[in-house]
1. Please give the peptides 184-197, 6-19 ranked by average Cβ packing (other Cβ atoms within 10 Å per residue), highest first, as a rough proxy for protection.
2. Using a cut-off of under 14 Å, list every residue of segment 177-217 whose amide N is near the label point 7 Å from the Cα of residue 234 along the Cα-to-beta-carbon line.
3. Please state the equivalent ellipsoid semi-axes for segment 147-274: what are the square roots of 5 times the Cα gyration tensor eigenvalues, largest first, in whole Å?
4. If R0 is 51 Å, what FRET efficiency do you get for residue 259 and residue 50 from their C-beta distance, rounded to 0.05?
5. Could you sort 100-106, 64-70 so that the peptide with the highest average Cβ count within 10 Å comes first and the rest follow in order?
6. Per the helix-only calculation at 222 nm, which mean residue ellipticity applies to the chain, given -39500 (n - 2.57) for every DSSP H run of n ≥ 4 and division by its residues, nearest 500 deg cm²/dmol?
7. What is the magnitude of the charge dipole of segment 147-274 about its Cα centre, with +1 placed on the Cβ of each Lys and Arg, -1 on the Cβ of each Asp and Glu, and no other charges, expressed in debye to the nearest 20?
8. For the residues 225, 145, 198, what sequence is obtained by ranking on other C-beta atoms within 10 Å, fewest first?
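Nothing in this text is a laboratory measurement; each read-out follows from the coordinates by a stated rule. Since the structure is predicted, the reported quantities are computational estimates derived from the model, not experimental observations. No Cβ is skipped: glycine too gets one built from the backbone with ideal geometry, and neighbour counts run over all protein chains shown.
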Amino acid sequence: MRRVATALLGEKLYEILMKVNFELPEDVRVAIGEALGKEDQAVPRSILERLLENNALATEKRIPLCQDTGMVVVFLEIGQEIILEGDFVETALNLGIARAYEEGYLRKSVVLNPLERVNTGDNTPGIFHYSLVPGDRIRMRVTVKGFGSENMSRLGMLKPGDGVAGVKAFVLETVALAGPNPCPPIIVGVGIGGTMEKAALLSKEALMRDLGSANPDGKLAVLEKEWMQAIESLGIGPMGMGGKTTALGVHIKSYPTHIAGLPVAVNINCHSSRHSEVMV
């Protein structure tokens, strides 16, 4: 058995947050650059150029990429041969979040009670998802999710007979309804299967995959390309101003489901896809 101090997890989370809030991940920078190379209209080109300029300034001057510094979402894959020591793991992780948002002068956006709306003052608690896996390592994947895009996400309990065409139609409808609100170009995470809550979780996990990486499921990889083309044909474009680039990627995850159901969740991310991961 391998022992891991929960304080180490909190420190690693702090380090990630102090980076992703000020610097776009490499996969996102590359995707925006590639989109810029394809755009031939002045306005969408100008917007994509400003996105890259914004990233450069944020990195240089240590100013957040976006005023919405989001809610912290953490996926923890914990090896079953691990023994966690120290404070309760969520206490340690929340301490890392609070420290980052204080020292980084990041906007604190979390309210304690969703109905009473009183700010917690330190952007905690985060959202934590756990899974046990074989081995003695911990994989921590982190995303900072702003709500301009989160609010555009949808869940649909489709009928099995709706099939692939029905899922595609639901995804396209979701993107069309979102329009310029989630600050396109967007990344579209799609979760298919499981139950209501599993589909939603799959769609959020799908956003953690690097842009440009291949879906390990060949059939889903084909659908990703097809749906990406359909989304681009909507013509929403960067910041909703038209053009060829409405999305930077479509990522799909699926899971077995019940014979009577076809749950589908679409989780939309803005161009500021702040994500990272670390192995401990």
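1. On the way: 184-197: 23.1, 6-19: 20.1.
Ranking the peptides 184-197, 6-19 by packing returns 184-197, 6-19.
2. Answer for this model: 177-190.
3. On the way: eigenvalues 100, 42, 38 Å².
After scaling each eigenvalue by five and taking roots: 22, 14, 14 Å.
4. Rounded to the nearest 0.05, the efficiency is 0.55.
5. On the way: 100-106: 17.3, 64-70: 20.3.
Sorting 100-106, 64-70 by mean packing, highest first, produces 64-70, 100-106.
6. Computed mean residue ellipticity for the chain: -12500 deg cm²/dmol.
7. Working: 11 positive and 10 negative charges, 9 e Å.
With only Lys, Arg, Asp and Glu charged at Cβ, the dipole is about 40 debye.
8. On the way: 225 11, 145 22, 198 18.
With the fewest neighbours first, 225, 145, 198 line up as 225, 198, 145.
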